[in-house]
1. Taking segment 103-135, which residues are surrounded by fewer than 17 Cβ atoms within 10 Å (Cβ to Cβ) and in contact (Cβ under 8 Å) with a residue 40 or more places away in the chain?
2. Considering each residue of segment 175-214, count those that are within 28 Å of residue 86 (Cβ to Cβ) and part of a helix (DSSP H, G or I), and give that number.
3. Cβ contacts < 7 Å: first residue touching a residue at least 12 places away in the same chain (Cβ under 8 Å) and on the phi < 0 side of the Ramachandran plot, restricted to segment 180-202; second residue surrounded by 15 or more Cβ atoms within 10 Å (Cβ to Cβ) and part of a helix (DSSP H, G or I), any location; separation 6+ or different chain. Result?
4. Does any residue of segment 30-43 turn out to be in contact with a strand residue (DSSP E or B) (Cβ under 9 Å, 6 or more places away or on another chain), surrounded by fewer than 17 Cβ atoms within 10 Å (Cβ to Cβ) and at pLDDT below 90?
5. Any residue that is at pLDDT 95 or above, within 15 Å of residue 90 (Cα to Cα), touching a strand residue (DSSP E or B) at 6+ places or on another chain (Cβ under 6 Å) and surrounded by fewer than 18 Cβ atoms within 10 Å (Cβ to Cβ) - is there at least one of those in segment 141-151?
6. At pLDDT below 90 and either surrounded by 13 or more Cβ atoms within 10 Å (Cβ to Cβ) or part of a strand (DSSP E or B) (or both), is that true of residue 171?
7. With respect to the numbered conditions (1) more than 22 Å from residue 203 (Cα to Cα); (2) loosely packed, with under 15 Cβ neighbours inside 10 Å, which one is the sole condition not fulfilled by residue 138?
8. Name the residue that is nearest to the chain's Cα centre (by Cα), counting only residues in segment 152-168 that are assigned to a loop (DSSP other than H, G, I, E, B) and crowded, with 18+ Cβ neighbours inside 10 Å.
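The values are calculated or read from the model by the stated rules, or taken from the named source; none is laboratory data. As the structure is a computational prediction, the values presented were derived from the model and not from experiment. Positions of Cβ are backbone-derived with ideal geometry, glycine not excepted, and every protein chain shown enters the neighbour counts.
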């Protein structure tokens, strides 16, 4: 790798590690941050999932225009119920997302709103184990999930029946690091280096499995 890339990669790597420590390491949580507002003082920040939910909700409500957003779509030559049932069985996630190494259900029964899964995910050469939660589930129509990682993310998959028995599939990823200065840089880096390739790969592999209209 050319030497000129060493410093930018080191800076981004330090930013990602620092964000991870701020979100997950108890001794580092809260250092250098302003005092929480009254609306957030009752948040139990010892529970990373709860803290990430609140952060993402605030960002979606008041800073939506700053969210990094990746959108893809495809027309699949398979009935909507078959496409939905395949995607809704999150054990199949690694079949169309190569960055997923393992999916472990944390809640019993069929997938539904509130179901949780532990993912073993390879990201920039490192393995992490974030928790994915289904936040909205409408059979054969919609699956929305939240990924509780060092940068919380929201994914939405929409399924619409097409004339002739096909499926119009929409895939959206939204996330925001929330950093006041470095955040936009980190978000662009994650979008270009991870989210966009993930979305492109997911669409390509689903097309290969179900067939598609060019």
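1. Selection gives 123, 124.
2. To start, the set of residues in segment 175-214 that are within 28 Å of residue 86 (Cβ to Cβ) comprises 175, 190-191, 193-214.
Narrowing the set further to residues that are part of a helix (DSSP H, G or I) leaves 190-191, 193-210.
So the count comes out to 20.
3. 182/15; 186/15; 189/12; 202/96
4. Here is the first cut: in segment 30-43, the ones in contact with a strand residue (DSSP E or B) (Cβ under 9 Å, 6 or more places away or on another chain) are none.
Scanning segment 30-43, I find no residue that is in contact with a strand residue (DSSP E or B) (Cβ under 9 Å, 6 or more places away or on another chain), surrounded by fewer than 17 Cβ atoms within 10 Å (Cβ to Cβ) and at pLDDT below 90, so the answer is no.
5. Looking for residues that are at pLDDT 95 or above, within 15 Å of residue 90 (Cα to Cα), touching a strand residue (DSSP E or B) at 6+ places or on another chain (Cβ under 6 Å) and surrounded by fewer than 18 Cβ atoms within 10 Å (Cβ to Cβ), one finds at least one in segment 141-151, hence yes.
6. Working: at pLDDT below 90: no; either surrounded by 13 or more Cβ atoms within 10 Å (Cβ to Cβ) or part of a strand (DSSP E or B) (or both): yes.
Criteria not met by residue 171.
7. Only one criterion in (1) more than 22 Å from residue 203 (Cα to Cα); (2) loosely packed, with under 15 Cβ neighbours inside 10 Å is unmet by residue 138, namely (1).
8. Our first condition is that a residue be assigned to a loop (DSSP other than H, G, I, E, B); within segment 152-168, this holds for 152, 162-166.
Right, trim to crowded, with 18+ Cβ neighbours inside 10 Å and you get 152, 166.
Values: 152: 7, 166: 26 Å.
So the residue we want is 152.
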